[in-house]
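Provided herewith is a single structure, encoded as structure tokens, for subsequent inquiry.
The values are calculated or read from the model by the stated rules, or taken from the named source; none is laboratory data. This is a predicted model, so every value here is computed, not measured. All Cβ positions, glycine included, derive from the backbone under ideal geometry; neighbour counts span all protein chains shown.
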């Protein structure tokens with residue numbers, strides 16, 4: 001903590017959002033939708049019955065995000081762990097640059113399906129991206145976020161990008177994903193507005209690189225001389241634009257991308273808590289409104305597992321059962337010689353435990369890796 005007292009900051013200005021000019025990934029695309037999905041998949045959500053599940057099934061886009069593999073589950077087995085890969089993609093309309101899978105989270109549900117462990121991977125983690133014919137004839141050793149654009153360019157669109165990225169991670173962790181999702185930006189602000197904002201408690205001061213105001217109170221980017229939005233350490237009630245801004249920031253944080261991952265995880269938990277406190281899980285009408293807003297933002301692949309079956313299997317997962325796990329690592333090279341990120345030894349052990357289905361036991365033995373709420 002920065003030493004500042006914890007309190008609710010005064011309301012911040014809500015300027016009209018600027019035209020897209022970002023390079024940082026909008027991880028919030030991912031976490032807000034997954035937060036809603038976990039709420040949706042709780043036991044109370046089943047109160048709407050088959051009709052609600054049918055509406056959910058029809059609202060969400062589907063694609064073959066995961067390559068066929070006999071080790072993937074095509075039906076829920078409560079005696080086996082369930083693994084999900086969720087990716088937020090940095091897409092800029094009108095840009096010649098390919099989409100990048102910059103926001104990456106693995107969700108591990110141990111056997112028994114009573115907890116969910118969230119493990120983030122640094123987008124700059126140095127990995128081996130495998131060769132995948134016909135587009136790539138050899139493997140390369142580079143940053144993880146390079147896998148998605150290679151797949152998009154060589155294998156065709158979103159599904160091709162996700163498949164190459166997931167194959168890269170499966171090789172790294174020795175894991176098979178059973179469920180996959182890609183999030184885009186369209187539903188983020190609408191869902192946060194539907195929730196009436198979220199409350200987040202920040203460990204460190206956050207200074208925006210993207211949002212600021214001029215002397216007249218109107219939007220003016222910090223690069224153009226605007227006064228940056230500033231979120232002091234402590235608790236904040238954030239609107240949709242502010243929440244999006246907070247989870248994008250890394251350069252003003254003492255530990256860079258690792259602190260940003262921490263804020264991303266905090267945001268996910270805040271979404272779940274807000275949705276629960278508003279009674280969404282027990283109100284089919286409210287839940288239905290959220291589902292319709294989320295649907296356009298989500299592309300989903302559950303390998304043939306029905307939404308109702310998935311929902312029932314996760315009925316015991318509540319926000320207090322969501323364990324946020326740090327993935328310790330460090331930069332390789334500095335300044336112009338920066339090459340990417342490398343896991344610390346305990347970070348590598350963490351991924352090994354995940355691959356072996358022993359993550360819950362490993363986390364109990366290493367409580368320092370659990371991020372406090």
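Residue by residue through region 155-185, note down the ones that are without any contact (Cβ under 8 Å) to a residue 60 or more places away in the chain and part of a helix (DSSP H, G or I).
155, 157, 160, 164, 168, 170, 171
When you scan region 220-247, how many residues do you find that are in a helix (DSSP H, G or I) and touching a residue at least 24 places away in the same chain (Cβ under 8 Å)?
Here the count works out to 8.
Continuing with this model, one more query. Let me spell it out: the conditions are (1) assigned to a helix (DSSP H, G or I); (2) at pLDDT 70 or above, and residue 250 meets all of them except one. Which number is the exception?
(1)
In addition: Is it fair to say residue 206 is surrounded by 19 or more Cβ atoms within 10 Å (Cβ to Cβ) and more than 25 Å from residue 253 (Cβ to Cβ)?
It is false that residue 206 is surrounded by 19 or more Cβ atoms within 10 Å (Cβ to Cβ) and more than 25 Å from residue 253 (Cβ to Cβ).
Limited to region 331-341, what total is found for residues that are more than 21 Å from residue 118 (Cβ to Cβ) and assigned to a strand (DSSP E or B)?
Counting residues in region 331-341 that are more than 21 Å from residue 118 (Cβ to Cβ) and assigned to a strand (DSSP E or B) gives 3.
Mind listing just one residue for me: the one in region 128-150 that is under 20 Å from the mean Cα position of the chain (by Cα) and in a helix (DSSP H, G or I) and, of those, surrounded by the fewest Cβ atoms within 10 Å (Cβ to Cβ)?
Across region 128-150, the extreme among qualifying residues is 149.
Which of the following residues is touching a helix residue (DSSP H, G or I) at 6+ places or on another chain (Cβ under 7 Å), over 30 Å from residue 357 (Cβ atoms) and at pLDDT below 85: 193, 199?
Answer to the check: 193.
Separate question: Within region 258-272, track down each residue that is closer than 16 Å to residue 236 by Cα and without any contact (Cβ under 8 Å) to a residue 60 or more places away in the chain.
Within region 258-272, no residue meets the criteria.
Scan region 273-285 for residues that are surrounded by fewer than 24 Cβ atoms within 10 Å (Cβ to Cβ), in a helix (DSSP H, G or I) and either touching a strand residue (DSSP E or B) at 6+ places or on another chain (Cβ under 7 Å) or modelled with pLDDT under 75 (or both) and jot them down.
The answer is 274, 276, 281, 282, 284, 285.
Need the failing condition index for residue 177 against (1) out of contact with any strand residue (DSSP E or B) (no Cβ under 8 Å at 6 or more places or on another chain); (2) modelled with pLDDT of 90 or more; (3) crowded, with 22+ Cβ neighbours inside 10 Å, just the number.
Only one criterion in (1) out of contact with any strand residue (DSSP E or B) (no Cβ under 8 Å at 6 or more places or on another chain); (2) modelled with pLDDT of 90 or more; (3) crowded, with 22+ Cβ neighbours inside 10 Å is unmet by residue 177, namely (1).
Residue-by-condition table, conditions (1) part of a helix (DSSP H, G or I); (2) crowded, with 24+ Cβ neighbours inside 10 Å; (3) modelled with pLDDT under 80; (4) touching a strand residue (DSSP E or B) at 6+ places or on another chain (Cβ under 9 Å):
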site	(1), (2), (3), (4)
31	yes, yes, yes, yes
54	yes, no, yes, no
93	no, no, yes, no
104	no, yes, no, yes
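Consider residue 165 carefully, then state whether it is modelled with pLDDT of 85 or more and crowded, with 22+ Cβ neighbours inside 10 Å.
So residue 165 passes the test.
Continuing with this model, one more query. Being within 25 Å of residue 70 (Cβ to Cβ) and either surrounded by fewer than 24 Cβ atoms within 10 Å (Cβ to Cβ) or modelled with pLDDT under 80 (or both): is that true of residue 153 here?
Judged against the criteria, residue 153 is not a match.
How about region 286-309: which of its residues are modelled with pLDDT under 70 and touching a strand residue (DSSP E or B) at 6+ places or on another chain (Cβ under 7 Å)?
Answer for region 286-309, where residues must be modelled with pLDDT under 70 and touching a strand residue (DSSP E or B) at 6+ places or on another chain (Cβ under 7 Å): just 297.
Within region 261-268, does at least one residue satisfy the condition of being in contact with a helix residue (DSSP H, G or I) (Cβ under 6 Å, 6 or more places away or on another chain) and more than 18 Å from residue 210 (Cα to Cα)?
Yes; the residues of region 261-268 include at least one that is in contact with a helix residue (DSSP H, G or I) (Cβ under 6 Å, 6 or more places away or on another chain) and more than 18 Å from residue 210 (Cα to Cα).
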